[in-house]
Amino acid sequence: MRTSIKSRVAKAATALSLVVAAGYAVPAMADETAPPSDFKVTGSAGVISQYRFRGISQSNNLPAVQAALTVSHSSGFYVSTWGSSASASPAVNIGGTEIDVYGGFTHGIANSGVTFDVGLYGYIYPGAPGLNFYEVYGSLSKTLGPVNAKAGINFAPHQKNLDVYATRTDTYVYGELSGAIPNTPFTIHTHLGHTGGAFNYTKEYIDYTAGVSTTWKNLTLDFSVVGTNVSRSDAAANPFAGVSGEQMYRAGKTVGVVSLMATF
């Protein structure tokens, strides 16, 4: 009988020791989980009522399909690609498709709250390779209360595909303001830019955007007013070869643009 009691006590002690050991083992296993990756992949895809680049229609004022993919590192380096379909117009014909490839580095400046972003941007037109070009870019951004402010410059240096233009370089400068409307699901965004050089459209010109967007889960709906300061008289006085002034004006006139994008 004593042997039986001793046996039971021994078994109970053994079971207790295993439970205690297991209790210590679980945290040890949890500590062995892999740390978060330094790399992050994000993307988007959707439709837009027309594709405008710096205020000028690239899709003959017709709808386009667009998508983007970005791989970023916690250090601040990133590479991205972006693409859009496009319908040819008399004023602008980019060959039916645009694929952009770019990469750069972004980081905060000390404790200033200012973030810089610099990189190299390539524009590729598979259906019209004679239009391919690249730019170097840089920008500074800062949050000012409820408003996000950004200013930047894109510069296209002299390159072979710009030899056909009177000016063989191009400079684009811009500023942006955006911010959420308090107690609403809406965000307002604005953009003002100036093109000067190879990509003048009848003249050096200004483009502008003012819009509002709302997000539900991973879907973003946006409505924007997009246009340029190119007037009918500007377009009539400086048309491209074989293009009427009215066709030139139509590509740059102010329009409403609607887009629906899904992010992942």
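Taken together, the values in this text are just the output of simple stated rules run on the coordinates, not laboratory data. These numbers come from a predicted model, not from an experiment. Glycine also receives a Cβ, built like all others from the backbone with ideal geometry; neighbour counts cover every protein chain displayed.
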Pull out a ≥ b ≥ c, the square roots of the eigenvalues of the alpha-carbon gyration tensor of segment 104-169, then state rounded if a/c is under 1.5, prolate if not and a/b is larger than b/c, and oblate in the remaining case. prolate
Tell me, what HN-Hα J-couplings in whole Hz come from the Karplus equation 6.51 cos²θ - 1.76 cosθ + 1.60 at θ = phi - 60° for each residue of segment 117-132, using x for Gly and Pro? 9, 10, x, 10, 10, x, 10, 10, 10, x, x, 8, x, x, 9, 4
What nm distance separates the two modelled labels at V258 and F77, each placed 7 Å from Cα along Cα→Cβ? 4.3
Work out the charge dipole of the chain with +1 on the Cβ of Lys and Arg and -1 on the Cβ of Asp and Glu about the Cα centre, then indicate which of I206, F155, I99 is farthest towards its positive end. I99
Mind giving me the FRET efficiency for V101 and N183? R0 is 45 Å, r the Cβ-Cβ distance, nearest 0.05 is fine. 0.65
Taking max minus min of the Cα coordinates of segment 24-116 on each principal axis, largest first, gives extents in Å of 73, 35, 18
One finds the C-alpha centres of segment 212-264 and segment 104-178 to be spaced, in Å, by 20
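Using Cβ contacts closer than 10 Å as the measure, can you line up E135, E98, E246 from fewest to most? The partial results should precede the final answer.
On the way: E135 19, E98 24, E246 14.
Least to most surrounded, the residues fall as E246, E135, E98.
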With unit charges on the beta carbon (Lys/Arg positive, Asp/Glu negative), name the residue among V225, V79, L62 whose Cα is farthest towards the positive pole of the charge dipole of the chain. V79
Simple label model, 7 Å out from Cα along Cβ direction - F155 to L192, nm: 2.3
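So, with +1 on the Cβ of K and R and -1 on the Cβ of D and E, and no other charges, what is the size of the charge dipole of the chain about its Cα centre, to the nearest 20 debye?
1120
Greater than 28 Å separation of Cα atoms is the criterion. Which listed pairs, K40/K160; K142/K253; K150/K203; K40/K142, meet it?
Working: K40/K160 35 Å; K142/K253 31 Å; K150/K203 25 Å; K40/K142 23 Å.
In this structure, K40/K160; K142/K253 lie more than 28 Å apart at Cα.
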Taking a crude spin-label model, label points 7 Å out from Cα along the C-beta direction, the N132 to V118 distance in nm is 2.6
Once normalised by the length of the chain, the mean sequence separation of its alpha carbon contacts under 8 Å that are 6 or more apart gives a contact order in percent of 14
Relative to the compact globular guide of 2.2 N^0.38 Å, what is the alpha carbon radius of gyration of the chain, as a ratio? 1.53
